[in-house]
Amino acid sequence: MKFAYRRSATDAQAIEVDIVPLPERQGVYRVTVGEHVFELDDRLFHRAVFLKEAGNITLQFEGREYYLFDANQRRQVPPMHAGDLHAPMAGKIIHVLVQPGERVKAGATLLILEAMKMEQQITAPHDGVVARLLCREGDQVTTGAELVVLEPTSPGS
């Protein structure tokens, strides 16, 4: 299987990828990424999670998340507005610690996301008021999903 990806949605350089099963070694694949060649055992795929959406691939492996963007679909990433908080990786919302209308200080934990058996605290980037919660405890969310809208407060308010 051959395809090309970009390191970011706006990257001009495409990197060729080729994945070929090795007939002489059941369950082993030769993966060529640009000039780099790897041999991967299919047991690796029991420890990794893939999500393919609109030609883009998200790979979660050993607590990290990697993004591959389809080289045939050069797209601009939609800008994130100040105060909009997004999921850093796919996972489950396990605790929501704030309510709409609540005032919070920069650094306050707003909610906790569990992803790959790790807890990710979603914190306020600045002082503000929780305008909207876009998730509930127990919700499964995808990478980049908007979780909270936080309206900044002016100093002294």
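Hey, does the stretch 73-86 have a residue that's closer than 30 Å to Val130 by Cα, at pLDDT 65 or above and surrounded by 11 or more Cβ atoms within 10 Å (Cβ to Cβ)? Outline the logic, then answer.
Applying the first criterion (closer than 30 Å to Val130 by Cα) to the stretch 73-86 yields 76-86.
Filter once more, so that each one left must be at pLDDT 65 or above: 85-86.
Among the residues that remain, those that are also surrounded by 11 or more Cβ atoms within 10 Å (Cβ to Cβ) are: 85-86.
Yes.
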Might you check whether a residue that is at pLDDT below 95, among the hydroxyl-bearing types (Ser, Thr, Tyr), surrounded by 13 or more Cβ atoms within 10 Å (Cβ to Cβ) and farther than 19 Å from Tyr66 by Cα occurs anywhere in the stretch 127-143?
no
Number of positions in the stretch 114-157 that are touching a strand residue (DSSP E or B) at 6+ places or on another chain (Cβ under 6 Å) and either part of a loop (DSSP other than H, G, I, E, B) or among the charged types (D, E, K, R) (or both)
15
For Arg103, state whether it is among the basic types (Lys, Arg), modelled with pLDDT of 70 or more and not assigned by TED's automatic domain parsing to the domain that holds Val17.
yes
Within the stretch 15-63, restricting attention to residues that are within 20 Å of Thr142 (Cβ to Cβ) and acidic (Asp, Glu), which residue is modelled with the lowest pLDDT?
Glu53
Considering the stretch 1-14, residues that are under 18 Å from Tyr66 (Cα atoms) and touching a strand residue (DSSP E or B) at 6+ places or on another chain (Cβ under 6 Å), and then whichever is modelled with the lowest pLDDT, we arrive at Ala9
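The values are calculated or read from the model by the stated rules, or taken from the named source; none is laboratory data. Note that this is a predicted model, so its numbers are computed, not measured. Backbone-built Cβ (ideal geometry, glycine too); neighbour counts: all protein chains shown.
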